[in-house]
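Take a look at the structure set out below.
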């Protein structure tokens, strides 16, 4: 069971998200907060696997709450869920320790995949957000693309397949299903890919995949 804290200042929005999550039997909403400060307190009390935070909330916004939760409760993965996709929000969320960023306008399947990925210690960006991140951090696009292709060329064909699926935002379980292998094999591939690309996490690997044209 994946235990989730839901923080949003709009009661109707919380009710809607809670109803969506209720469709997945392995997800359980253990607490709800109406502002960032309350979210921090409830994370300390309940220690959920995932804190699902809106950005714009009273008292303390979701970005500040994400940074504090990451600092004080590292066992809780933070996933931002918002209507805002401005570059500064994405950058602030990720630099503050959030492991994922989703848009409320996205497919509910992205929400399920994001929660599972973050609960498992991985990172997750919706495809729309991943594209914005790449645009933001790439700098010199031509140089970045050339460097990414050089890095990808060091991978085996199978590793390139896995990297492309990581870049598409798929969790390990879905990658395993598509490639007809066990999930443990995918974890081994991902570990090798991160090492070969000299990146720290799946978000950075996804950026390389996009820059190299794999996605």
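The values are calculated or read from the model by the stated rules, or taken from the named source; none is laboratory data. Note that the structure is predicted; figures quoted are calculated from it, not measured. Using ideal geometry, Cβ is built from the backbone for each residue, glycine included, and neighbour counts are taken over all protein chains shown.
Annotations for the structure displayed:
- Applying the criterion of being buried (at least 19 other Cβ atoms within 10 Å of the Cβ) and touching a helix residue (DSSP H, G or I) at 6+ places or on another chain (Cβ under 6 Å) to the residues of segment 94-121, the residue that is modelled with the lowest pLDDT is 96.
Conditions tested, residue by residue: (1) modelled with pLDDT of 90 or more; (2) on the phi > 0 side of the Ramachandran plot.
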position	(1), (2)
165	yes, no
170	no, no
182	yes, no
188	yes, no
198	no, yes
201	no, no
208	no, no
211	no, no
215	no, no
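Let's see how each residue does on (1) surrounded by fewer than 22 Cβ atoms within 10 Å (Cβ to Cβ); (2) closer than 25 Å to residue 109 by Cβ:
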residue	(1), (2)
36	no, no
44	yes, no
52	no, yes
56	yes, yes
68	yes, no
75	yes, no
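- Scanning segment 1-11 for residues that are surrounded by 19 or more Cβ atoms within 10 Å (Cβ to Cβ) and not in a strand (DSSP E or B) gives a single hit, 8.
- Lone unmet requirement of (1) out of contact with any strand residue (DSSP E or B) (no Cβ under 8 Å at 6 or more places or on another chain); (2) at pLDDT 80 or above for residue 136: (2)
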